[in-house]
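The values are calculated or read from the model by the stated rules, or taken from the named source; none is laboratory data. What you see is a predicted model, and the numbers here were worked out from it, not measured in a lab. Here Cβ is always computed from backbone atoms with ideal geometry, including for glycine, and neighbour counts include all displayed protein chains.
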Amino acid sequence: MNQQHESLGEALHHLGRDLGDLFRAELALFKRETAMQFRGLAAAGIWMAGAAVLGLAFLGAFTALLIITLGLALPLWVSALIVTMFYGIGAAGLLAAAIAKFREATPIDFDQTARSVKEDIAWIKSGMSSAK
């Protein structure tokens with residue numbers, strides 16, 4: 001009977017160690033999957049930031065030039081309206097590109113991690129049933 005208790009104790013010790021190893025492996029998989037998913041989101045954010053910076057710089061510097069140039073042939077209010085419409089169309093194009101990048105990166109899913117955890121749970125359950 002003492003030998004049976006030792007082997008049960010050893011089995012529990014091994015089970016605890018194996019579950020710890022399994023948890024660490026699942027955590028590592030989750031970290032890798034998270035890093036891959038967030039790279040896509042970072043790319044979308046960079047595109048949006050680029051669109052904002054270029055839009056502001058372009059609007060600030062080129063607006064005056066265009067309005068003054070067009071103002072030589074047209075009334076200033078018409079020149080300002082034309083420039084405003086031009087910038088609006090450009091900004092809409094950049095925003096559309098950023099939204100497309102964002103949609104490529106979402107939804108964030110963890111298929112490998114979820115599948116692996118489900119397999120681990122099934123394995124643990126089958127081990128528990130066979131131990132009964």
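Can you give me the number of residues within the range 38-75 that are modelled with pLDDT of 90 or more and either basic (Lys, Arg) or touching a Ser or Thr at 6+ places or on another chain (Cβ under 6 Å) (or both)?
Of the residues in the range 38-75, 3 are modelled with pLDDT of 90 or more and either basic (Lys, Arg) or touching a Ser or Thr at 6+ places or on another chain (Cβ under 6 Å) (or both).
Taking the criterion of being closer than 30 Å to residue 124 by Cα, assigned to a helix (DSSP H, G or I) and of a type in the set (Phe, Trp, Tyr), would at least one residue in the range 31-54 satisfy it?
Of the range 31-54, the ones closer than 30 Å to residue 124 by Cα are 31-37.
Next, only the ones that are assigned to a helix (DSSP H, G or I) stay: 31-37.
Next, only the ones that are of a type in the set (Phe, Trp, Tyr) stay: none.
No - not one qualifying residue is present in the range 31-54.
Here's a check for you: in the range 80-98, which residue that is of a type in the set (A, V, I, L, M, F, W, C) and without any contact (Cβ under 8 Å) to a residue 12 or more places away in the chain is nearest to residue 44 (Cα to Cα)? Outline the logic, then answer.
Within the range 80-98, the subset of a type in the set (A, V, I, L, M, F, W, C) is 80-83, 85-86, 89, 91-92, 94-98.
Filter once more, so that each one left must be without any contact (Cβ under 8 Å) to a residue 12 or more places away in the chain: 81, 85, 89, 92, 96.
Details: 81: 31, 85: 25, 89: 20, 92: 15, 96: 11 Å.
Of everything passing the filter in the range 80-98, 96 is nearest to residue 44 (Cα to Cα).
Could you tell me whether the range 91-106 includes any residue that is charged (D, E, K, R) and either surrounded by 12 or more Cβ atoms within 10 Å (Cβ to Cβ) or not in a helix (DSSP H, G or I) (or both)?
Yes, because at least one residue in the range 91-106 is charged (D, E, K, R) and either surrounded by 12 or more Cβ atoms within 10 Å (Cβ to Cβ) or not in a helix (DSSP H, G or I) (or both).
Would you mind stating whether residue 68 is in contact (Cβ under 8 Å) with a residue 12 or more places away in the chain, of a type in the set (Val, Ile, Thr) and at negative phi?
no
When you check residue 126 against the structure, is it within 30 Å of residue 11 (Cβ to Cβ) and in contact (Cβ under 8 Å) with a residue 24 or more places away in the chain, yes or no?
The answer is no for residue 126.
Of all the residues that make up the range 39-57, how many are without any contact (Cβ under 8 Å) to a residue 24 or more places away in the chain and aromatic (Phe, Trp, Tyr)?
0
Restricting attention to the range 38-84, report how many residues are among the polar types (S, T, N, Q) and under 17 Å from residue 100 (Cβ atoms).
The total comes to 0.
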